[in-house]
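Structure first, then comments.
The values are calculated or read from the model by the stated rules, or taken from the named source; none is laboratory data. None of the values given here were measured: they were computed from a predicted structure. Backbone-built Cβ (ideal geometry, glycine too); neighbour counts: all protein chains shown. Keep in mind that these areas ignore ligands, DNA and RNA; they rest on the heavy atoms of the full protein, side chains included. Shrake-Rupley method; radii C 1.70, N 1.55, O 1.52, S 1.80 Å.
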Amino acid sequence: MSDSETARFFLSLVLLLIGALGGGHLFERLKMPRVIGEIAGGIVLGPSVLGTISPEAHEWLFAAFPAQSALLTAFYWFGLVLLMFTAGFKVQAEGGGAAGRIVVALVVGALMIPFVLGYASASLFADTQRGDPFAFKLVMGIAAAVTSIPVISRLFLDLGLMGTPFARNVIGAATIQDLILWTILAVATAVQHGEAASAAGIGRVVAITLGFVLASLFFAPAVVRALRRWMIGKFSEAPFTGYTMLLCLIFVAGASLLNVNIVFAALVAGLVMARFPSRHLAPVKQHIADIAIWFFVPIYFALVGQRLNLAHEFDAGLTVLFIGMSTTIKLVSCTLAARAADCDWARALDYGVSMNTRGGPGIVLASVAYAADIIDGRMFTALVLASILTSFATGLWLRWRLVRNPKVFAGLAGSPAE
């Protein structure tokens, strides 16, 4: 790259980070999920706003030379990997203490029923399919079922609900659900890339993915534990941070060689690190989370927003149909499942609304499916908007419930099962 091209590349990164952090701060002040503001910052800098007002300025900033797109895409994927890696840190701690009966009911109501109905209704959106029909159906099933652990966790923290049985049950169910859905997404991308063109091929992909997970969760901790004993006392926190990042990249690189979805691999790497809550590694994980959440992840979400072309790829009918259908399916099935587990109707509806939060994982799904050429730009836009709107709606609902009754989620109220 020439000096001029290098300068424009760094200028584009600066603008993306300013837009993401500024938008996130504004939305946080408005008591809305930060991720929505970060995406909004990217939308302003993308073809939806800047590209419409001044196409020349947009091209000068973000398409100045052929390699710029590839460089920004590298930041996009690195931010996505770190998002899933740090999300894995929190899964075990925040999902602990959940009540078995209600969690099983929520997994059935929020995962199995929505996935089956989403898969079956894929034909309604067939004109947005770009790749393999089976991969497309799997993606639509995941899109109807996905729940955001990071966004719902942040909402619970902001509202002081994280220690309640309600929050533990939601996060426990979402953890089980998303682990299954990421495995299905790995199959979908493998099918799309021609690595699972038959039933035997699909079985092989599932076996490799499950083998990767089992090896990671049962054997990798032993290796990490041995390395930790050897390293403690020899290295300070800074080298530990570097070696932890190296572990993440080893998982991602190994997964790519095995044709396992790298986003799923980053989550598994985070789950491995979550099994080590020692005082030596806790600050290391916090350092990585801080760098990810305040630098790489905002750039990722800004790039998601920048990829949205609302002027040309926003299909109002498609978006309304998908959001309305998927939300109705998930709300009804989750509410009824919670009611069957002896929750009263009000608490059952709280579970339904909370489990309908798509947030970051919904956007990750859209990103991976779009990058794999499974869906077109219109469905990508619909999935991202669904993630934004459902996260916004959940925040409003929980705040409204607390305004009416500050103790509505306290103790065992409203749910005998809890």
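Things to note:
- Anisotropy class of segment 245-361 from Cα gyration tensor, a/c 1.5 cut: oblate
- Rolling a 1.4 angstrom probe over the chain with all protein chains present gives an accessible area of which 69% lies on carbon and sulfur atoms.
- Using 0.36 nm per residue and subtracting the Cα-Cα separation, the extra length available between T6 and F65 on full extension is 20.3 nm.
- Excluding exposed DSSP-loop trypsin sites (Lys or Arg not before Pro) (at most 15 other C-beta within 10 Å), longest clean stretch of the chain: 32-233
- A straight Cα-to-Cα reach below 19 Å connects K330 with the aspartates and glutamates D178, D342, D344, D350, residues fewer than 8 places away in its own chain not being considered.
- What the phi angles of segment 247-264 give under the Karplus curve with 6.51, -1.76 and 1.60, with θ = phi - 60°, is a coupling list of 4, 4, 5, 4, 4, 5, 5, x, 5, 5, 5, 8, 6, 8, 4, 5, 5, 5 Hz, glycine and proline written as x.
- The alpha-carbon of K285 sits under 16 angstrom from the alpha-carbons of these aspartates and glutamates, leaving out residues fewer than 8 places away in its chain: E94, E237.
- Remark on Q129: its backbone amide H falls under 5 Å from none of the residues 5 or more positions apart or on other chains, H modelled at 1.01 Å from N.
- Accessible surface computed residue by residue for the chain, with neighbouring protein chains in place and a 1.4 Å probe, gives 41 Å² per residue.
- Positive-pole candidate from V139, H193, L106, dipole of the chain, charges at beta carbon: L106
- For segment 157-227, chymotrypsin sites (Phe, Trp or Tyr not before Pro) are listed when DSSP marks them as loop and at most 13 other Cβ atoms sit within 10 Å of their Cβ; the list is F219.
- The alpha carbon centroids of segment 288-308 and segment 23-70 are separated by 12 Å.
- For segment 26-32, 3J(HN,Hα) computed residue by residue from phi via the Karplus equation (6.51, -1.76, 1.60; θ = phi - 60°) reads 4, 5, 5, 5, 8, 6, 10 Hz, glycine and proline entered as x.
- 5 angstrom amide H check on A63, placed H, neighbours 5+ away: none
- Hz values of 3J(HN,Hα) by residue in segment 119-126 - Karplus curve (6.51, -1.76, 1.60), Gly and Pro given as x: 4, 5, 8, 4, 4, 5, 10, 4
- Protein-only accessible surface at a 1.4 angstrom probe places the residues H25, H58 in the order H25, H58, largest first.
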